[in-house]
1. Could you tell me the calculated FRET efficiency between Val26 and Ile80, based on Cβ-Cβ distance and R0 = 35 angstrom, to the nearest 0.05?
2. Calculate, for the stretch 32-144, the solvent-accessible area per residue in square angstrom, rolling a 1.4 angstrom probe over the heavy atoms of the protein chains.
3. State which entries of Lys30/Lys122; Lys30/Lys135; Lys144/Lys240; Lys42/Lys135 exceed 22 angstrom in Cα-Cα distance in the structure shown.
4. Can you tell me the length gained on complete extension of the stretch Ile45 to Ser69, counting 0.36 nm per residue apart and subtracting the Cα distance?
5. Dipole magnitude of the stretch 139-209 about its Cα centre, charges +1 at Lys/Arg Cβ and -1 at Asp/Glu Cβ only, in debye to the nearest 20?
6. How many angstrom lie between the C-alpha centres of the stretch 167-222 and the stretch 58-135?
7. Could you pull out the trypsin sites (Lys or Arg not before Pro) across the stretch 39-72 that fall in loop regions by DSSP (anything but H, G, I, E, B) with no more than 15 other Cβ atoms inside 10 Å?
8. Using 1/(1 + (r/R0)^6) with R0 = 22 angstrom and r between the beta carbons of Glu227 and Phe268, what's the FRET efficiency to the nearest 0.05?
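The values are calculated or read from the model by the stated rules, or taken from the named source; none is laboratory data. All figures in this text were calculated on a predicted structure; none of them were measured in a lab. With ideal geometry, Cβ positions are generated from the backbone for all residues, glycine too; neighbour counts draw on all protein chains shown. Only protein heavy atoms, including side chains, enter the accessible area calculation; ligands, DNA and RNA are left aside. Shrake-Rupley method; radii C 1.70, N 1.55, O 1.52, S 1.80 Å.
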Amino acid sequence: MKRIGVLLSLIFTIFTVLTGCEPLLVLDPKGPQAQVQANDIKTSIIIMSFIVIAVFTILAIMLFKYRASKQNKDYEPPHIEGNVWVETICVGIPIIIVAFLSFMSVKSNYAVEAAPNGYGNKEPLVIYAASSNWKWHFSYPEEKIETVNYVYIPTDRPVEFKLYSYGPITSFWIPQLAGQKYAMADMVNTLHLAADVPGEYMGRNANFSGKGFAENTFNVKAMPQKEFDEWVDEVKDTAKPLTEEKFTELLEPGHLGQSTYTGTHLGFMPPPEGENGGHNHGSNGGDKNMEQHQPNETDSKTEHEHH
């Protein structure tokens with residue numbers, strides 16, 4: 001009786017704690033790519049819940065129906081051959097489940113690797129996202145500006161992040177906008193996303209990369225295109241140019257606040273040449289923008305520092 005009371009108290013405590021938790025970010029999508037993945041997660045949870053409930057129900061029935069009973073010492077259970085229907089169900093249902101999950105995974109993988117659904121006719125905003133120990137550098141080749149540890153994007157427009165690393169392998173992840181994708185030192189990976197709703201979102205490195213991993217985060221702010229253009233103009237009017245010496249200093253291991261510059265590091269320290277993924281109308285535009293970028297040494301701007 002005492003054990004039952006302890007078990008009930010534990011269950012009550014767990015439910016009490018869970019009811020006070022905020023919704024999981026991956027289940028609160030704010031863009032088409034994240035919506036696809038959230039649907040997959042929910043579908044998988046439903047299927048797994050059905051399997052768990054079915055298995056435990058069958059287990060309870062078997063334990064009750066075939067429990068030990070008082071039989072004569074010379075009792076021998078009857079010989080039973082295999083049942084075709086039972087074997088078909090036991091083998092067929094797992095095959096159907098695995099086949100369905102495989103089909104769903106492949107379909108969603110193609111969906112998230114392509115341009116966001118509904119934005120096919122819009123020119124994507126290309127942003128180069130480079131990681132270093134333990135910070136993120138965001139380069140806007142077309143706008144000719146660069147930020148550290150934060151990124152602004154317009155809503156209702158596709159965005160292409162070109163990912164690479166100046167250190168160990170990291171994983172770029174904005175849970176409410178897109179899934180994870182690796183950033184590596186020897187190649188560029190392309191991540192597609194779009195924000196349907198203005199707001200501020202959390203981004204982080206999801207791959208362990210040393211002692212500073214826990215704080216290897218960045219902020220994402222989605223805003224209407226007009227506000228985004230105004231922010232770009234403000235940066236060009238007030239920020240200090242990014243020099244090679246300054247960028248080399250930023251690459252030193254350690255944690256920094258948020259900072260903003262005119263110009264990008266793509267001119268004097270370009271990303272790796274190899275590229276993987278995202279070969280569509282937007283990728284060429286991004287490469288073209290990068291080639292056109294040249295550091296502007298004539299800008300007399302002041303640096304933004306956000307803490």
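1. Step by step, r from the Cβ atoms, then E = 0.15.
2. Working: 8160 Å² over 113 residues.
The answer is 72 Å² per residue.
3. On the way: Lys30/Lys122 18 Å; Lys30/Lys135 24 Å; Lys144/Lys240 12 Å; Lys42/Lys135 32 Å.
Over 22 Å Cα-Cα: Lys30/Lys135; Lys42/Lys135.
4. Working: separation 24, 0.36 × 24 = 8.64 nm, distance 3.84 nm.
Between Ile45 and Ser69, full extension yields an extra 4.8 nm.
5. On the way: 5 positive and 8 negative charges, 42 e Å.
About 200 debye.
6. Cα centres, the stretch 167-222 to the stretch 58-135: 29 Å.
7. Numbers: sites: Lys42, Lys65, Arg67, Lys70; in loops: Arg67, Lys70.
Here the trypsin sites (Lys or Arg not before Pro) that fit, given the DSSP loop and packing criteria, are Arg67, Lys70.
8. Working: r = 31 Å, r/R0 = 1.39.
That gives a FRET efficiency of 0.10.
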